[in-house]
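Undergrad: Right, I'll just put the structure down here and ask away after.
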Amino acid sequence: MARLRLVQLPVPPPAALAGTGNVPLAAGCLAVAARVHALPMSVEVTAPDVTDRLGDVQLAEHVAADAPEYVGLSLYLWNAERSLHLAREIKRRSPDTVVLIGGPEVGPDNPFVCGQEGFDVAVTGEAEPVFAEVMRRLLDGGVAAAEGVPGVAVRGASGLGAFTAAHPADFPLASYPSPYLDGTVPVDGDRSTYIESVRGCRSSCTYCFYPRSSGVLRTLDVDATARLIADVRDRGARDISFLDPTFNHRPGFEALVAALARENVDRQMSFFAEIRSEGLTAAHAKSLAQAGFDRLEIGLQSVNRETLKRVKRFGDPDKLAAAAKMLRGEGITLLVDLIVGLPGDTPDDVFAGVDFLQEHGLADEAQVFRLSILPGTAMRADAVAQGVTFDPAPPYHVRTTATMDRDTLAATLFEAERRLGRRLDESPRPHLVEGGDDVLVLDVDRPTPMDRPGARHQALWLTGRDLAARSDVAMAAIDARLAVDPYATLDVVLAPTNAPPVSFVAAVRARLASGVRAYSSRALSWRGEDGMRRITAVRRAGVVWPDAATAALTEIGPLFVEVSAAEAVDRRHDIGGDGPCVRVIGDVDARQFAMLAADADPECVAFADRATEARWQSEVVY
């Protein structure tokens, strides 16, 4: 029997031990569709603990093992480049495997993806209705036989062909049972459980993908949704995120919230959803809280009403403020979105948005981020006419608008940070634990090969007496890591006996910059950082570096000094700021952990013990 392996790669987290939230729901939906349509094949969804853990080589070998006849990859903004690399590596190991790609990144209006190699068939739009036809044609006649299926492009001798018109996304959601119900996607109490009770969106925001995905609103009825929630609850779900585009604008909203309250009487579950302020009442806020919604996301986007009209968001900031007051009064935590770079907005509009958030007590809950010009959106189609330029590769950040050039956009983001008193995006956290397959240690005075396949997030420690004197060895090790797992996140940790000179750190940074760029590299490039390849210096316990060298290293990047837990507690109020951070070695008791959590800068404390570092990340940092 033919085999199909479905793979969905995670969002790259800011730290090696941070949760990815990876739930392969799209892959699971396709596996369900294969069963609904009685396809004569076995379908396997690659487990999240595999995709979360393995580096590029190990993952390619895992997926290509036994040469499956078919592999399907779900492409999203955050994983498209690594997924396409994986496709090429699978084909290299198993040339006869047919590779299919789909997901929001796949479509005729994304030349970045369509211009890549390694896949044979591309499917755009919601795939369930056409999946069976694509697979049956592949089974019966090979790749060429898939031509003509709605929403499909097939690679031929001259390259990828044109997409046929996609099939309308109008099928009832009840046509395909949830993949949680038969264990295709296991419920994991340590991850969010993603629930779709609605597909399609009646709004027409020009920056959003939903209007292209489907303008036809399809809902899973209230009783069916309540039964699904009860089922995943009984399977261990505790944190449930509704993927519905606008939860409170779905038909039957009030009845559904009441049904969720009945299924969550003991409040075992917490719910999250995205809502809009229009039409929200005090009674709605109370019922949402009673049902177990403890977090909600609500989009401000801009306080410039002309901009809101221009991007077809519409809305009223004053109504949002009133809704936020009602929701917070019920104890619900909010995430409030403010977008920088919308066509028509100026820096003053962004600052007015920040002032608005502060005035209404929402600054601590604000998500302020740079606009992405997503494939398939009306804004991308109209970008030239709107005077907008953008990066052609993920995350497709806006570069310039008619009212803001590149420097102005960056300055506006930094000023928003200053006014809010915090960083707008998550800080990449170095991987400084001891031992494990994801940690490689190279003594430059006794070099050993550094080219073995590694983890999705790898740490390369460079130790020895003088790194600059053995820079050839150090650079060769970095080159080996960039070659073997090019899309893995890499922390280079400089931990020599003698302080590394600033010139050596600059040389390492340049060498890392020579590697492939991907989503994680570009996401922080506006601030001069690389979230995919990072450098950290560590002064080991008992090692003395000159004060001038320590100060110089602190100026150019994170520097951690090894101390005991007792020493860290003694200086906890001074950790961070302009001085070095601490890497705590040895045992840490509960009292010491609590004192550090209460008083130290969490970003400037790391632990050598893996379990303690994982706990710090989950309970204190993220």
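Undergrad: Which numbered condition trips up Tyr194, out of (1) within 24 Å of Thr46 (Cβ to Cβ); (2) in a helix (DSSP H, G or I); (3) of a type outside the set (A, V, I, L, M)?
TA: That leaves (2) as the condition not met.
Undergrad: Please note which strands (runs of 3 or more DSSP E) are completely contained in segment 310-425 and include at least 2 residues that are touching a Phe, Trp or Tyr at 6+ places or on another chain (Cβ under 9 Å).
TA: Filter on segment 310-425 gives 333-340, 398-400.
Undergrad: For segment 426-470, enumerate the residues that are among the hydroxyl-bearing types (Ser, Thr, Tyr) and either modelled with pLDDT under 95 or not in a loop (DSSP other than H, G, I, E, B) (or both).
TA: Selection gives Ser427, Thr463.
Undergrad: Something else: In segment 287-312, how many residues are over 18 Å from Ala366 (Cα atoms) and charged (D, E, K, R)?
TA: 5
Undergrad: Here's a follow-up. For segment 555-578, give me the residue count where each residue is closer than 16 Å to Ala499 by Cα and out of contact with any strand residue (DSSP E or B) (no Cβ under 8 Å at 6 or more places or on another chain).
TA: 2
Undergrad: Let me ask you something else. Taking segment 376-404 only, how many residues are over 24 Å from Lys309 (Cβ atoms) and either loosely packed, with under 15 Cβ neighbours inside 10 Å or among the hydrophobic types (A, V, I, L, M, F, W, C) (or both)?
TA: Here the count works out to 2.
Undergrad: Pick from Phe253, Phe293, Phe314: which is modelled with pLDDT under 95 and either exposed (fewer than 15 other Cβ atoms within 10 Å of the Cβ) or in the same structural domain as Ala230 (by TED's automatic domain parsing) (or both)?
TA: Just one listed residue meets the conditions, Phe314.
Undergrad: Also, quick follow-up: Right, Arg227: in the same structural domain as Ser287 (by TED's automatic domain parsing), within 30 Å of Thr307 (Cβ to Cβ) and more than 22 Å from the chain's Cα centre (by Cα) or not?
TA: No; evaluated as a whole, the condition is false for this residue.
Undergrad: Report whether or not Asp601 is in the same structural domain as Asn498 (by TED's automatic domain parsing), free of Cβ contacts under 8 Å to residues at least 40 places away in the same chain and closer than 17 Å to Ala495 by Cα.
TA: No: the conditions fail for Asp601.
Undergrad: Considering only segment 499-519, how many residues are surrounded by fewer than 16 Cβ atoms within 10 Å (Cβ to Cβ) and in contact with a Phe, Trp or Tyr (Cβ under 8 Å, 6 or more places away or on another chain)?
TA: Result for segment 499-519: 1.
Undergrad: Do any residues in segment 220-241 that are in contact (Cβ under 8 Å) with a residue 60 or more places away in the chain and over 18 Å from Gly252 (Cβ atoms) have Cβ atoms under 8 Å from those of residues that are assigned to a loop (DSSP other than H, G, I, E, B) and of a type in the set (D, E, K, R), where the two are at least six apart or on different chains, and which pairs are they?
TA: Note: no pairs meet the criteria.
Undergrad: Which residues, taken from segment 135-179, are farther than 22 Å from Pro108 by Cβ and assigned by TED's automatic domain parsing to the domain that holds Val99?
TA: Passing the criteria: Arg136, Leu139, Asp140, Gly141, Gly142.
Undergrad: Same structure again: Of all the strands (runs of 3 or more DSSP E) wholly in segment 497-586, which have at least 1 residues that are among the basic types (Lys, Arg)?
TA: Passing ranges, in order: 533-539, 581-585.
The values are calculated or read from the model by the stated rules, or taken from the named source; none is laboratory data. Only a predicted model underlies this, so the values are computations on that prediction, with no experimental measurement involved. Every residue, glycine among them, receives a Cβ derived from its backbone with ideal geometry; neighbour counts consider all protein chains shown.
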